[in-house]
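A short write-up of the structure that comes next.
Rule-based calculations on the coordinates, nothing more; no lab input. Being a predicted model, the structure only gives us computed values, none of them experimental. Positions of Cβ are backbone-derived with ideal geometry, glycine not excepted, and every protein chain shown enters the neighbour counts.
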Amino acid sequence: MRQKIVAGNWKMNKTLEEAGILTSELMGLVADEVKGNVKVVLCTPFPYLYPVKQQLGNNARISVGAQNCSEHDSGAYTGETSVAMLKSMGIPYVIIGHSERRQYFGEDGALLATKVDKALAQGLTPIFCCGEPLDIREKGTHEQLVKQQVEESLFHLNAEALQKVVIAYEPVWAIGTGKTATSQQAQDMHAVIRKHIASKYGAVAENISILYGGSVKADNAKELFACADVDGGLVGGASLKSREFVEIVKAI
Ligand code: PEP
């Protein structure tokens, strides 16, 4: 059975103190209210990864993830954070290829392939993001683009490595806009991604968790998570409020 995952992407939000409060609220709510084997991942800003990890202790259900990593191993790359650094702090997940990284920092498929390789080499789980902008959706070429994004950054992997990757489908027009994809649109694209993976890797495609991201909220999560090929969510804005986020986690 595929792992169910709900990951919160805090982006560049919260002070250290606020991060500690949110983590503590989430620990309590998740322990009291969340059943089943869903994994919760808190993708915090870099400076909070280690304190939040320490705060979580041996929490069996909640873990931490970075929002990005460098494509380099070490050296004169001011402001960057390597996967080896993440590994040395015991960080198990890293988001790679978020649309904001693609859009504002010019990250392309080849660069993201290198980041995926670096993460896997150090034993981290990449949460690889793909998704089309509005103009591509309107042109009707969204399936083609998303398949290309997946191919460019993941299809060089062998089957064993690919199975260690989590994919997040995030239509860019739905991120932070309050405009969610319908559950049908999400299911259709998730099925396209899975089928595309199956065309190269066969049955392995059935083992890969594909998360949906884009204005997931407590009131639409249940319908989205009920889709056969949606294995959880990557949640931005709504992950900053403990009650809202836990309701999303409970929806799975
Ligand atoms: C995201 O940042 O990955 C995201 C999906 O944001 P939001 O939930 O706010 O749309």
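Rounded, prolate or oblate: pick one for segment 79-128, where a ≥ b ≥ c are the square roots of the eigenvalues of its C-alpha gyration tensor, a/c under 1.5 means rounded, and failing that, prolate if a/b is larger than b/c, else oblate. The partial results should precede the final answer.
On the way: a/c = 2.05, a/b = 1.71, b/c = 1.20.
It is prolate, given that a/c is not under 1.5 and a/b is the larger ratio.
What's the magnitude of the charge dipole for segment 143-252 around its Cα centre, counting Lys and Arg as +1 and Asp and Glu as -1 at the beta-carbon? Answer in Debye, nearest 20.
On the way: 11 positive and 13 negative charges, 42 e Å.
With only Lys, Arg, Asp and Glu charged at Cβ, the dipole is about 200 debye.
Rounded, prolate or oblate: which fits segment 1-76 when a ≥ b ≥ c are the square roots of the eigenvalues of the alpha-carbon gyration tensor, with rounded for a/c under 1.5 and prolate only if a/b beats b/c? Don't jump to the answer; show the numbers that get you there.
Details: a/c = 2.26, a/b = 1.40, b/c = 1.62.
Note, shape of segment 1-76 comes out oblate.
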Once amide H atoms are placed 1.01 Å from N in the peptide plane, what residues at a sequence separation of 5 or more from residue 41, or on another chain, have their amide H within under 5 Å of its amide H? 6, 7, 8, 63
With 10 Å bins from 0: P(r) over the chain, alpha-carbon pairs, percent: 7, 34, 39, 19, 2
Taking the chain as a Gaussian network, where each spring joins two C-alpha atoms under 10 Å apart, which residue of 191, 121, 84 fluctuates the most? 121
Multiply the residue separation of residue 188 and residue 73 by 0.36 nm, subtract the distance between their alpha-carbon atoms, and state the gained length in nm to one decimal. 37.7 nm
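Of the peptides 4-12, 175-183, 91-99, how do they stack up when ordered by the mean number of other Cβ atoms within 10 Å, highest first? Mind dumping the intermediate values first?
Numbers: 4-12: 21.4, 175-183: 15.8, 91-99: 25.0.
Top to bottom by mean Cβ count within 10 Å: 91-99, 4-12, 175-183.
Got a sec? How would 120, 234, 154, 134 order by Cβ neighbour count within 10 Å, fewest to most? Mind showing how you got there, number by number?
Working: 120 18, 234 28, 154 24, 134 14.
Ascending number of Cβ neighbours within 10 Å: 134, 120, 154, 234.
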Spatially proximal lysines relative to residue 115 (Cα-Cα < 20 Å; intrachain offsets below 8 disregarded): 11, 87, 147, 164
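FRET efficiency for residue 134 and residue 195, Cβ-Cβ distance as r, R0 = 22 Å, nearest 0.05?
Details: r = 24 Å, r/R0 = 1.09.
For R0 = 22 Å, the calculated efficiency reads 0.35.
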For residue 222, counting only lysines whose alpha-carbon sits under 22 Å away and dropping same-chain residues fewer than eight positions off, the answer is 4, 35, 39, 179, 241, 250
